[in-house]
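In what follows, a structure is listed as structure tokens, so that the remarks can point back to it.
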Protein chains: 2
Amino acid sequence: MKEFVFFNPTRVVFGEGKTTLIGELTRPYGRRVLLVYGRESAQRTGLLARVKASLAAAGVESTECGGVKSNPVVSFVRAAINLFRHQRLEAIVAVGGGSVVDTAKAVAAGVHYEGDVWDFFKGQAKVERAVPVLVVLSLAATASEMNDGAVITNEATRQKFGLGGEALFPKVSILDPLNTLSVPKTYTMYGAVDAIVHALEGYFSGQDPRTPFQDRLVESLVLTTMEAVKVLGRDLSHPEARAELMWCATLALNGLTTAGVGPAGYPMHMIEHSLSALYDIPHGAGLGVVAPAWMRYQSARIRPKLARFAERVFRCAEGTEDERAWAGIDAFEGWLRSLEVPTRLRDVRISESDIPRIAGNALMLARKWDLTEYSAGVISKILRFALD
Amino acid sequence: MKEFVFFNPTRVVFGEGKTTLIGELTRPYGRRVLLVYGRESAQRTGLLARVKASLAAAGVESTECGGVKSNPVVSFVRAAINLFRHQRLEAIVAVGGGSVVDTAKAVAAGVHYEGDVWDFFKGQAKVERAVPVLVVLSLAATASEMNDGAVITNEATRQKFGLGGEALFPKVSILDPLNTLSVPKTYTMYGAVDAIVHALEGYFSGQDPRTPFQDRLVESLVLTTMEAVKVLGRDLSHPEARAELMWCATLALNGLTTAGVGPAGYPMHMIEHSLSALYDIPHGAGLGVVAPAWMRYQSARIRPKLARFAERVFRCAEGTEDERAWAGIDAFEGWLRSLEVPTRLRDVRISESDIPRIAGNALMLARKWDLTEYSAGVISKILRFALD
């Protein structure tokens, strides 16, 4: 096991109906909040109205800031920072999925910073202070509700970059599975894929092969997520399966799966960010394309782990290590297909001729994340595994 | 899955050699600290000297308060509170295992309280404020380094009771596996048993049978702990196995294993507390006696979980559910014996005639913890399973 620091001060309040607590949980952090939400679902389902009622009942005044899109953009963040400052607000309540939570965190970081908020994403400034963020989650996917990172797209530069810092851990995240009952099938599955790929990044890219607990933890999260998805495939409003998926997705990127595995580079996410930055496809769909391709490209290097993954998750126990490794990738890809998640570039309407552009874009992030082995040539080779 | 709140703000700094960071990590919390430690090992191994050197180098002055015994006592806590107040100190650095950390927490709670610190343990006062506690851990066992509880014995009343409160989470815990290399075999094994039984309390006593992730998490912790112990049985100073044991023990009682299982009553610990309160035996030894006895008494009620435990942990896949359940208990007991951990009352020099006294003592805690089904008669029946 490698050395690590584990620190995660987010208070998770989990359970059906817990949404109504948002008012009293927010009050210690401020009486005037920015209420950040998305484009449509929180209004349609009545979630937004419930949150507003709870805030009002607790004497918390809210300034609305709706319209966050998936693959959220920095222009929105800048506008929200101005609104926050102008209204002299005290805290942010994010109601939605990862895009909304990430937007809230970027705003929280930007409010006290004199320069442009994108400086944080470029690595030209560090987040030292942030206003408090509270979350009412409505999509199981990114784990942004229990970590200190956020990913935002700069539309002008076509960069999908991240920022982070301990000040950005949400103070409170309400995980109420009832708020996810109406998520449509596609986005439910994309969320599950995002969660599983989060867990697998450290599993396959960790630097220490001797991490038996962490390996088991990841396999536990993957297996439980897959079971939940199987139930949800038949019944999208199964509350128990929604609850399982929600907690597993949160735990898949809260720092625990990677604690002790050494620096984990997130190469699958690195490449996917370029797909969604350039083509605005859903992140989970992009991961469905990138993950099996990345596994195939890396198969020789991560063979023992792939074989173990095949055995523990898909019960592929036959054949040589190499055969099991490949059987594991095929099984994983077959599982993605069974969910109707894209697994090829053409499934997301990207053609072979787009590969150089994607590789060029991904290279920016590879350099930023210090993934030096990922040249444009390597990234192109990986993407070519997603052709045919 | 049941509703839950998960909150754990302790910063864990894990890795070989991290002990030298204690000075700089302490400084933000105070320049004058109470240095709490045990009776012998921290001095003998040089750990105490290393901690003192690090504190001094960071400009932190320390007032020594050594001599904590295992099954730590409230008289020591009271004296330490007086010392802390008299010296006008600002924080506590605990160097040792669970007894030392628990003592530090009780002191931290008592400093700002006008009444007697035992009031917290009796439930007559709530911990609202506490001075900061930092930990340099030297024994993998209790997880006190990453939770907000503490267990202390009142010598006068023979009560081994606990206190808790969010203010008591250690601010920082340094988990340096090198500090555990010299722990003798007996205490290494007792620590492992404590960790495993912590994990199993929620596994067997949780109120919701549908907790697939939590079940897998517990099995992962138990399996990894058992593997580490197997290596340590041959080589006590194996750094990798020490690291695995240390992290698993911490995770076994940091709130994660029980999040979602419903109120978990800790009945095995409840009964063991009376053994160590009355006979001053090591907690891990007492658990070796109580745990299999409790499983046998509860076997009908928890049969499916026992059978699963047998299958997943000990690979007992043969026979009916009932047969597998009993095979699991036998296998667990056999594993304890293989570590030379006591499994019968006579192994810890307690006789059948002592049972009424133990049951009477345990009843106090059963009432405090609201484990209403545990009458003196039931507790006696459980203990009789540890005879023969």
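Counting just the Cα atoms, what span does the stretch B:190-292 cover along each of its three principal axes? Round to the nearest Å and put the largest first.
40, 36, 21
What percent antiparallel are the DSSP beta bridges of chain B, to the nearest 5?
Working: 6 of 29 bridges.
Of all bridge pairs located within chain B, approximately 20 percent are antiparallel.
Pairs B:18/B:122; B:18/B:160; A:105/A:305; A:122/A:185; A:185/A:381; B:69/B:185: which exceed 28 Å Cα-Cα? Each step should come with its number before you reach the end.
Details: B:18/B:122 37 Å; B:18/B:160 33 Å; A:105/A:305 34 Å; A:122/A:185 35 Å; A:185/A:381 31 Å; B:69/B:185 19 Å.
The pairs that break the limit, which is 28 Å between Cα atoms, are B:18/B:122; B:18/B:160; A:105/A:305; A:122/A:185; A:185/A:381.
If you place +1 on the Cβ of every Lys and Arg, -1 on the Cβ of every Asp and Glu, and leave all else neutral, what size is the dipole of the stretch A:138-204 about its Cα centre, to the nearest 20 Debye? Before the final figure, lay out the partial values.
Numbers: 4 positive and 7 negative charges, 40 e Å.
Here the stretch A:138-204 has a charge dipole of around 200 debye.
For q = 0.05, 0.09, 0.10 Å⁻¹, what log10 I(q)/I(0) does the protein assembly as shown give under the Debye formula with an equal point scatterer on each alpha carbon and no solvent?
After summing over all Cα pairs, the log10 values are -0.26, -0.87, -1.08.
Net charge around residue B:212, counting only other residues with Cβ within less than 15 Å of its Cβ (Lys, Arg = +1; Asp, Glu = -1)? Don't skip to the end; give the middle numbers.
Working: positive: A:216, A:230, A:242, A:312, B:2, B:210, B:216, B:305, B:308, B:312; negative: A:219, A:227, A:240, A:244, B:208, B:215, B:219, B:311.
Every neighbour counted, the sum reads +2.
With +1 on each Lys and Arg Cβ and -1 on each Asp and Glu Cβ, and nothing else charged, work out how big the dipole of the stretch B:120-267 is about its Cα centre, in Debye to the nearest 20. Before the final figure, lay out the partial values.
Details: 12 positive and 15 negative charges, 69 e Å.
Here the stretch B:120-267 has a charge dipole of around 340 debye.
If you count the DSSP beta bridges with both ends in the stretch B:11-179, what percent of them are antiparallel, to the nearest 5?
Values: 6 of 29 bridges.
Counting only bridges with both partners in the stretch B:11-179, antiparallel ones make up about 20 percent.
Nearest 5 percent is fine: what portion of the DSSP beta bridges confined to the protein assembly as shown is antiparallel? Write down the numbers at each step before the final one.
On the way: 19 of 65 bridges.
Of the beta bridges lying entirely in the protein assembly as shown, close to 30 percent run antiparallel.
Would you work out the relative contact order for chain B, in percent, from Cα pairs under 8 angstrom that are 6 or more residues apart? Intermediate results must be reported in sequence, preceding the final value.
Working: 775 pairs, mean separation 61.6, N = 388.
Answer for chain B is 16 percent.
When ranked by the protection proxy of mean other Cβ atoms within 10 Å per residue, highest first, what sequence do the peptides B:238-251, B:290-303, A:365-378 form? Mind dumping the intermediate values first?
Working: B:238-251: 24.4, B:290-303: 20.4, A:365-378: 15.4.
Final packing ranking: B:238-251, B:290-303, A:365-378.
In the stretch B:93-191, which GluC sites (Glu not before Pro) are in a loop and have at most 10 other Cβ atoms within 10 Å, using DSSP for the loop call?
On the way: sites: B:114, B:128, B:145, B:155, B:166; in loops: B:114, B:128, B:155.
Within the stretch B:93-191, the qualifying GluC sites (Glu not before Pro) (loop, at most 10 other Cβ atoms within 10 Å) are B:114.
Could you tell me which residue out of A:177, A:43, A:363 lies farthest along the dipole of the protein assembly as shown toward its positive end? Charges go on the beta carbon: Lys and Arg +1, Asp and Glu -1, centred on the Cα centre.
Farthest towards the positive end: A:43.
For the stretch A:1-49 and the stretch A:345-365, what is the separation of their C-alpha centers, rounded to whole Å?
Answer, in whole Å: 35.
Evaluate the distance, in nm, between pseudo-label points positioned 7 Å from the Cα of residue B:207 and of residue B:85 along their respective Cα→Cβ axes.
With each label point 7 Å from Cα toward Cβ, the separation is 3.9 nm.
Tell me what chain B gives for mean residue ellipticity at 222 nm when only DSSP H runs of n ≥ 4 count, each as -39,500 (n - 2.57), the sum divided by the residue total, rounded to 500 deg cm²/dmol.
On the way: 15 runs with 189 residues, N = 388.
One gets -15500 deg cm²/dmol as the mean residue ellipticity at 222 nm.
Can you name the residue in chain B whose Cβ lies closest to the B-to-A rotation axis, and give that gap in whole Å?
B:9, 2
Taking amide H positions as placed in the peptide plane 1.01 Å from N, state which residues far from residue A:262 in sequence (5 or more) or on other chains have amide H under 5 Å from it.
The answer is A:2, A:207.
What whole number of Å gives the distance from the Cα centroid of the stretch A:372-388 to the Cα centroid of the stretch B:269-319?
Cα centroid to Cα centroid, the span is 53 Å.
Going by Cα centres, the stretch B:185-199 and the stretch A:157-233 are how many Å apart?
32 Å
Between residue A:323 and residue B:24, what is the FRET efficiency for a Förster distance of 56 Å, r being their Cβ-Cβ separation, to the nearest 0.05?
Values: r = 51 Å, r/R0 = 0.91.
Computed FRET efficiency for residue A:323 and residue B:24 comes out at 0.65.
Please provide three numbers in whole Å: the alpha-carbon extents of chain A along the principal axes, with the largest listed first.
Each principal axis gives a Cα extent; for chain A these are 64, 43, 42 Å.
Separation between the residue A:112 and residue A:126 pseudo-spin-labels, each 7 Å from Cα along Cα→Cβ, expressed in nm?
In this crude label model, residue A:112 to residue A:126 measures out at 1.4 nm.
Dividing the Cα radius of gyration by the Kirkwood radius, what Rg/Rh value follows for the stretch A:67-206? Write down the numbers at each step before the final one.
On the way: Rg = 14.9 Å, Rh = 15.4 Å.
So for the stretch A:67-206, dividing Rg by the Kirkwood Rh gives 0.96.
Can you divide the C-alpha Rg of the stretch A:116-170 by 2.2 N^0.38 Å and report the result to two decimal places? Before the final figure, lay out the partial values.
Details: Rg = 12.0 Å, N = 55, 2.2 N^0.38 = 10.1 Å.
Taking N as the residue count of the stretch A:116-170, the ratio is 1.19.
Which FRET efficiency value, to the nearest 0.05, is calculated for residue B:44 and residue B:155 with the Förster distance at 25 angstrom and r the Cβ-Cβ distance? Don't skip to the end; give the middle numbers.
Values: r = 26 Å, r/R0 = 1.04.
According to the calculation, E is roughly 0.45.
Relative to the Cα centre, what is the charge dipole magnitude of the stretch A:46-107, using +1 at the beta carbon of each Lys and Arg, -1 at the beta carbon of each Asp and Glu, and rounding to the nearest 20 debye? Spell out each step's value before the answer.
On the way: 7 positive and 4 negative charges, 20 e Å.
With only Lys, Arg, Asp and Glu charged at Cβ, the dipole is about 100 debye.
If amide H atoms are built 1.01 Å from N in the plane of the peptide, which residues on other chains or at least 5 residues away come under 5 Å of the amide H of residue B:135?
Under 5 Å from the amide H of residue B:135 lie the amide H atoms of B:94, B:172, B:173, B:174, each far enough along the sequence or on another chain.
How far apart, in nanometres, would the label points at residue A:56 and residue B:373 be if each is projected 7 angstrom from Cα along the Cα-to-Cβ direction?
4.6 nm
Just so you know, all these numbers are worked out from the coordinates, no wet-lab data involved. It should be emphasised that the depicted structure is a prediction, and the values quoted were computed from it without experimental measurement. Ideal geometry is used to build each Cβ from the backbone, glycine not excepted, and the neighbour counts take in all protein chains shown.
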